[in-house]
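Have a look at the structure below, then the notes.
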There are 2 protein chains.
Amino acid sequence: MPRKRMNIATIRDVAALAGVAVSTASRALGKGSASPETRRKVREAAEQLHFTPSATARQLSNGHTRIIAIAIPEETTFIFHDPFIAAVVSQLTVSLSKLGYLPFLALVDSKDESGFVRLLESSGAEGMVITSFRYSKTFVSVIKNFGKPTIFIGRPPDNLDYPYVDIDNRQGGRLAAGALLQKGRSKALMIAGPKDMRAPKERSQGFAEVFAQAGGEIEVDEGRFALQHGYEAMGRHIRSGLDADSVFAQSDQIAVGAMQAMREHGVRCPEDVSIVGFDNLDVANVQPLSLTTVAQPVSDMAKMATDILTKRIETGVWVTRKKIFEVKLITRGSV
Amino acid sequence: MPRKRMNIATIRDVAALAGVAVSTASRALGKGSASPETRRKVREAAEQLHFTPSATARQLSNGHTRIIAIAIPEETTFIFHDPFIAAVVSQLTVSLSKLGYLPFLALVDSKDESGFVRLLESSGAEGMVITSFRYSKTFVSVIKNFGKPTIFIGRPPDNLDYPYVDIDNRQGGRLAAGALLQKGRSKALMIAGPKDMRAPKERSQGFAEVFAQAGGEIEVDEGRFALQHGYEAMGRHIRSGLDADSVFAQSDQIAVGAMQAMREHGVRCPEDVSIVGFDNLDVANVQPLSLTTVAQPVSDMAKMATDILTKRIETGVWVTRKKIFEVKLITRGSV
């Protein structure tokens, strides 16, 4: 049944419903010239009639597939274990779907340049959202090869001039420092994210700016944005005689791991050690001890990235190339 | 550079390297008749030369895209919060990539029939793996519309005659019951998975078979395969005066949630209540109290599903339509 219904509409029906000529409808669904108004009208008619241009027609007209690739240059296991990535992909799915786009998550190894390029090319993706980017020559080459509208969530390195949405990571670091200072903390262990990402660097800078200038001491332990990193770093520092009265965990996952290590070693939070996280994931609110953390507006970021990217696809113009969101401190019981 | 290298090879080069005629190479890369031997030879040559048929050529020859869709008819948030799904998708990615296939995870709402069909059609997916299937009329219609080789991980409902790989869920239930009986437990709370999935039903049956026949009593609490379900169910039962000396959690996530509720209420494990999980995820091994659980051979299942599906794509034949894997009990400290 559905097969019938879906194939029954032709470009003629779409044109009739939209009140335009067949050639106009065809152009509007493809890459030909058509006003945004006409494009939208025709597309709505096509949606309403469940009109799917045949693959051949699509190729010939070079039409829109509405397919968007989401690319995360990390190992798949990590992608699926990181709640922040989960939140970003979920929100992107919501906002892209709302506008009638069809997102997929690329699962090709980002080091497999040729595979990734083939996936992007063959799938007909007409746009790409990249998040959790870590610099990789190979993947940069993939992006350049792709050659279609691409946006980052999280600012890319300076030598990659692509539009992006991001948060004010430095401000987040400052807020975390302020929260600890307010409770009289003066020796912080900063369990940081990876060296080769921009966000952790900026969070560290913001934190140091405020904490060190107030006379505080900071020890840094860099690693992945992962529970395991928080757990191991904290355990290591406790075993070698903890010299800190506070922890700035650069992600909530790191914080949860650190708190687990603290519990196991009988270090009380916040009595012995205050801890502040980053992200404001669900988990921050369900742990036995609720986590004070810096909140990222993930849903707003995803919506904005979607808007910028899809407008670019539909009109050929980047309405903006950069959008920075404010963060805020969520005070709970861990500081 | 890469763009150059990737576009430089033509079908002629591929044919020459494979030692076949151009027409044969073309057929071998497309859907035309060619022996599996020839097909493999030509494809290897194509890989070696980074030969990508142009989109048009691909359409004309109706050739292979090597793109495989992974579909999980669940909400995106759930997909990304469930470590079992994470493990399945990761392992599928590994095994599909190894054979040169290009997997993506469909992120279209599985209730958006037309959207899902368009994604599958436009992306050129030539095969699909479905996991964590819950019966939905709409999605069944999507599968039928797709009309290309499709395999399930986890047995589909009886009215859907598709190939699948699965574990012996009933046997898993039996093993869990045996582990509890061996410690003299006789009153079990079974925190089960969703009603509308096949696996939980079979796990329950296997458990009841062994536990009830030994004179044990079973109370059932059904819900999602989620930490939250385990946490809430356990908390509810403890608050209303727990009458069980053991728990069969039908997933490790459920077990972790239940154990958290037990800790918060001062119920000791295994002294007061024994608990056995299902899946053998990483998490089973990192909790303060390590979890006795039924292990699923996720990697083997993914590899098998990949083999069956890709052979079907390459040869037109299902080498097998059904493969059931054994499970085994992993004994740790929670029983």
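Any read-out appearing in this document is the output of simple, stated calculations on the displayed coordinates, not a laboratory observation. This is a predicted model, so every value here is computed, not measured. Every residue, glycine as well, gets a Cβ built from its backbone with ideal geometry; the counts of neighbours run over all protein chains shown.
Count Lys and Arg as plus one, Asp and Glu as minus one, and take only other residues whose Cβ is under 11 Å from that of B:R174; the net charge is then -1.
With the convex hull drawn around the C-alpha atoms of the protein assembly as shown, the volume per residue stands at 163 Å³. Computed from phi, the 3J(HN,Hα) profile of the range B:255-262 under the Karplus parametrisation 6.51, -1.76, 1.60 (θ = phi - 60°) reads 4, 4, x, 5, 5, 5, 4, 4 Hz, with x in place of Gly and Pro. Between the amide H of B:E222 and those of B:A192, distances stay under 5 Å, these residues lying 5 or more places away or on another chain, with hydrogens modeled in the peptide plane.
Once you charge only the Cβ atoms, +1 for Lys and Arg and -1 for Asp and Glu, what is the size of the charge dipole of the range B:169-295 about its Cα centre, to the nearest 20 debye?
Its charge dipole is roughly 160 debye.
Across the cross-link table entries A:K303/B:K98; A:K98/A:K311; B:K111/B:K311; A:K311/B:K144, which are compared at the Cα atoms, the separations over 23 Å belong to A:K303/B:K98; B:K111/B:K311; A:K311/B:K144. Taking every DSSP beta bridge that has both residues in the protein assembly as shown, what percent is antiparallel when rounded to the nearest 5? Of all bridge pairs located within the protein assembly as shown, approximately 10 percent are antiparallel.
For B:L107, the shell of other residues with beta-carbons less than 14 Å away shows a net charge of 0, using +1 for Lys and Arg and -1 for Asp and Glu. Each Lys and Arg adds +1 at its Cβ and each Asp and Glu adds -1 at its Cβ; summed about the Cα centre, chain A shows a dipole of about 1480 debye.
Amide H contacts of A:Y164 (H built 1.01 Å from N, in plane; Pro and chain starts excluded): A:F152, A:K322, A:K323 sit under 5 Å, all sequence-distant by 5 or more or on other chains. Against chain A, whose longest principal axis is taken from its Cα atoms, helix A:83-98 shows a tilt of about 20°.
Rounded to the nearest 20, the size of the Cβ-charge dipole of the protein assembly as shown about its Cα centre is 2580 debye, with Lys and Arg at +1 and Asp and Glu at -1.
Taking every residue in B:68-78 and counting other chain Cβ atoms within 10 Å of its Cβ, the average works out to 3. Scanning residues 5 or more positions from B:I330 or on other chains, those with amide H under 5 Å from its amide H are B:T293, B:V294, B:A295, with H placed 1.01 Å from N in the peptide plane. Each residue of the range B:265-281 was assigned a 3J(HN,Hα) from its phi angle through the Karplus expression (A = 6.51, B = -1.76, C = 1.60, θ = phi - 60°), giving 9, x, 8, 8, 10, x, 3, 8, 9, 7, 9, 10, x, 8, 2, 6, 7 Hz with x at Gly and Pro.
In order along the range A:204-221, the Karplus-derived 3J(HN,Hα) couplings, from 6.51 cos²θ - 1.76 cosθ + 1.60 at θ = phi - 60°, round to 4, 4, x, 5, 4, 3, 7, 6, 6, 5, 8, x, x, 9, 10, 10, 10, 10 Hz, and Gly and Pro are given as x. Taking the helices alone, chain A has a mean residue ellipticity at 222 nm of -14500 deg cm²/dmol, built from -39,500 (n - 2.57) per DSSP H run of at least 4 residues and averaged over all its residues. Comparing mean-square fluctuations of A:S95, A:S246, A:S122 from a GNM of chain A with C-alpha springs under 10 Å, the top value falls on A:S122.
The smallest convex shape that holds all Cα atoms of chain A, its convex hull, gives 146 Å³ per residue. Distances from B:L160 to itself in the other copies, using label points 7 Å out along the Cα-Cβ axis, amount to 3.7 nm in increasing order. Distances between equivalent label points of A:L99 across the copies, with each point positioned 7 Å along Cα→Cβ, amount to 3.6 nm, shortest listed first.
Between this copy and the others, label points of A:G241 are 5.5 nm apart in ascending order, each placed 7 angstrom from Cα in the Cβ direction.
Relative to the longest principal axis of the Cα atoms of chain A, the long axis of helix A:169-182 makes an angle of roughly 30 degrees. Taking every residue in B:256-264 and counting other chain Cβ atoms within 10 Å of its Cβ, the average works out to 1. Farthest toward the positive end of the dipole of the range A:169-295, out of A:N169, A:T292, A:A255, is the Cα of A:N169, where the dipole comes from beta carbon charges about the Cα centre.
Nearest 10 degrees, 0 to 90: what angle lies between the long axis of helix B:227-239 and the longest principal axis of chain B (Cα atoms)? Once rounded, one gets 10 degrees.
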